[in-house]
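Presented below is the structure to which this report refers.
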Amino acid sequence: MHESMDWRSVTFDWNRARAFLVTAEQGSFSAAGRALGIAQPTIGRQVAALEQELDVILFERVGQGLELTPTGVELVEHVRVMGEAALKVSLAAAGQSTSLDGTVCISASEVNATYVLPPVIADLREAHPGITVEIIATNSPSDLSRREADIAIRSFRPTQPQLVARKVRDGFARLYASPEYLATIGDPTTAEQLSQAQFLGFGRGDALMKGLNAIGLSLTLDNFPVITENQLVQWELTKRGVGVAIMLEEVGDAEPLVRRALPDLPPIPVPMWLTTHRELNTSRRLRVVFDLLFEGLAAQ
C-alpha cells in the first residue's frame, strides 16, 4: 500500500510551475509566452509568484537572456516530471494514453507456463507490442504482495485481502501413461489392477498418494519409485514409458505419446484463478494484461 501524501506541504500553483518549466526550456519569458500562448508579462509574473511561494530565486539575468540558478536547476528536473505526468493525464482523458508500454511479470506453474500460456502470450504481444512480458515458471506460489510477480495463474483462491482474484474456469486432471507402459502391466481395466503400476511422484510426501487413493486407487509409497518436483521432467518420463503421471486434461489428451490410464476414474478438479495485487485498479497496463489473460485462458 502506498503511504498517503501530506498534501498540506504542497503549497505552490501548478500553472506557475509550468511557466517556470517552459521558461527554463525556452530560455526567455517571451519565448515561453509564445510556446504557451500567454502574454510575456503574465509569464514573468507567474515565475516571480512561484519564487515568492517557494522562497527561492529560480533565474538570474545574463545579458538579454535568463539562466537557471543552482536551485532552479535542481527544481526544474522535478517540475519536468510533473509536466510529463500532466501530459499523460490529458492524453489519458482523451483516450490516447501511451502508458501501456512497460513490463508485466506473470507467474504460472511449469505446465501452465509451457502448454497453456503461450498462445495467450502470442495474442498479447500482437495486440500490445509495447508491453514486455516476463514469465516465471514455478510450482511455488509467487508472493504477489512482495511484488515477486504482477499476475499469477494459480489453482487456488488467495486469502490475502490486498490481492484481487478472479476464477477463470474449472479444469480437471487425469492419469496418463504411454500405451507401451500400460501393456507391460497387462492393460489395466480396474482400479485394483492400476494400483500395481509405477507412478511418478512430486516429492517425498504422501499428498499425491492420498489424493489418488481418494478417487479409488490403493497405493503405497512403494508405487512411487521415481520422484521429481519438475512437472516437465515428469511428463517426459511419462512419454518415455517410465510410469503413470497426473496431468491436465487439455495437455494429456493432446499428447499422442500417451493415453488416459483407466479413463473411468473420476477426474481430479484443478480450478484456475487469475490473481494480482490491488494496483489493478490504478494501472491501465496491468488491467489490460489481466483482462486479456482472463479472456484467453477462459476461451481455452
*Could you list, in sequence order, all residues of segment 43-65 that are of a type in the set (A, V, I, L, M) and in a helix (DSSP H, G or I)?*
ILE43, VAL47, ALA48, ALA49, LEU50, LEU54
*asked:* If the requirement is being open to solvent by less than 50 Å² (accessible area, probe 1.4 Å), within 30 Å of LEU274 (Cβ to Cβ) and β-branched (Val, Ile, Thr), which of these qualifies: VAL89, VAL104?
replied: VAL104
*Which one is surrounded by the most Cβ atoms within 10 Å (Cβ to Cβ) among residues in segment 272-300 that are of a type in the set (Gly, Ala, Ser) and within 17 Å of ASP123 (Cα to Cα)?*
GLY296
*Return the total of residues in segment 276-300 being farther than 16 Å from VAL133 by Cα and either outside any loop (DSSP other than H, G, I, E, B) or modelled with pLDDT of 95 or more (or both).*
9
*Verdict on ILE106 being of a type outside the set (Phe, Trp, Tyr), in contact with an Asp or Glu (Cβ under 9 Å, 6 or more places away or on another chain) and modelled with pLDDT of 95 or more*: yes
*Neighbours by Cβ (under 7 Å, 6+ apart or cross-chain): first from segment 223-234, within 16 Å of LEU248 (Cβ to Cβ); second in a helix (DSSP H, G or I)*: ASN230/GLU110; GLN231/GLU110; GLN231/VAL111; LEU232/GLU110; LEU232/THR114
_Residues satisfying the stated conditions in segment 27-42, i.e. part of a helix (DSSP H, G or I) and either more than 15 Å from GLU60 (Cα to Cα) or under 45 Å from the mean Cα position of the chain (by Cα) (or both)_ = SER30, ALA31, ALA32, GLY33, ARG34, ALA35, LEU36, GLN40, PRO41, THR42
*Filter segment 204-236 for residues that are surrounded by 18 or more Cβ atoms within 10 Å (Cβ to Cβ) and either among the small types (Gly, Ala, Ser) or over 19 Å from PRO269 (Cβ atoms) (or both) and give the result.*
LEU219, ASN223, PHE224, GLN234, TRP235
*asked:* So, in segment 111-146, how many residues would count as being among the aliphatic types (A, V, I, L, M) and free of Cβ contacts under 8 Å to residues at least 24 places away in the same chain?
replied: 2
*Using the structure shown, decide if VAL233 is part of a helix (DSSP H, G or I) and either under 30 Å from LEU163 (Cβ atoms) or over 27 Å from the mean Cα position of the chain (by Cα) (or both).*
no
*Taking the residues in segment 137-155 that are aliphatic (A, V, I, L, M) and open to solvent by less than 40 Å² (accessible area, probe 1.4 Å) as candidates, determine which candidate is modelled with the lowest pLDDT.*
LEU144
*Of all residues in segment 156-201, count the ones that are surrounded by 13 or more Cβ atoms within 10 Å (Cβ to Cβ) and part of a loop (DSSP other than H, G, I, E, B).*
7
_Within segment 123-136, does at least one residue satisfy the condition of being touching a His at 6+ places or on another chain (Cβ under 7 Å) and crowded, with 16+ Cβ neighbours inside 10 Å?_
no
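The values are calculated or read from the model by the stated rules, or taken from the named source; none is laboratory data. Remember, predicted model here, so these are calculated numbers, not experimental data. Note that each Cβ is placed from the backbone with ideal geometry, even for glycine, and that neighbours are counted across all protein chains shown. Surface areas here come from the heavy atoms of the whole protein model, side chains and all, with no ligands, DNA or RNA. Shrake-Rupley method; radii C 1.70, N 1.55, O 1.52, S 1.80 Å.
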